[in-house]
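J.: First the structure, then my questions, so here it is.
The values are calculated or read from the model by the stated rules, or taken from the named source; none is laboratory data. Predicted, not measured: the structure shown is a model, and the values here were computed from it. No Cβ is skipped: glycine too gets one built from the backbone with ideal geometry, and neighbour counts run over all protein chains shown. Protein only, heavy atoms only, side chains kept; ligands, DNA and RNA dropped before computing areas. Shrake-Rupley method; radii C 1.70, N 1.55, O 1.52, S 1.80 Å.
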Amino acid sequence: MSEHDLVAILKKYKKTGRASAMRRAYFRAFESKMIYRTTKTENPETTRQMVANILHKFR
């Protein structure tokens, strides 16, 4: 893919309407799951609610 093609794809991606809200919701859930998984490995006492509270503080 050329640089021109990548730029065109990214512009099209940014312009999507309803799909962008769905995409944001998906990535928000994905972020939460990934943070939980990585934190759980280091600290077994971590809960999903703890992760949700921390993410809420950042938003």
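J.: Work out, step by step, the length gained on full extension between residue 24 and residue 55: first 0.36 nm times the residue separation, then minus their alpha carbon distance; give nm to one decimal.
T.: 9.7 nm
J.: Sticking with this one: For the stretch 5-59, with every protein chain kept in place, what is the accessible area per residue (1.4 Å probe, Å²)?
T.: Heavy-atom SASA per residue in the stretch 5-59 reads 91 Å².
J.: Convex hull over the alpha-carbon atoms of the chain: what's its volume per residue in Å³?
T.: Taking the convex hull of the Cα positions in the chain, it is 119 Å³ per residue.
J.: Hey, another quick one. What length, rounded to one decimal in nm, is gained on full extension from residue 34 through to residue 5, with 0.36 nm per residue of separation minus their alpha-carbon distance?
T.: So the extension gain works out to 7.4 nm.
J.: Another one. Go through 19, 53, 39 and say which Cα lies farthest out towards the positive end of the charge dipole of the chain; charges sit on Cβ, +1 for Lys and Arg, -1 for Asp and Glu.
T.: 19
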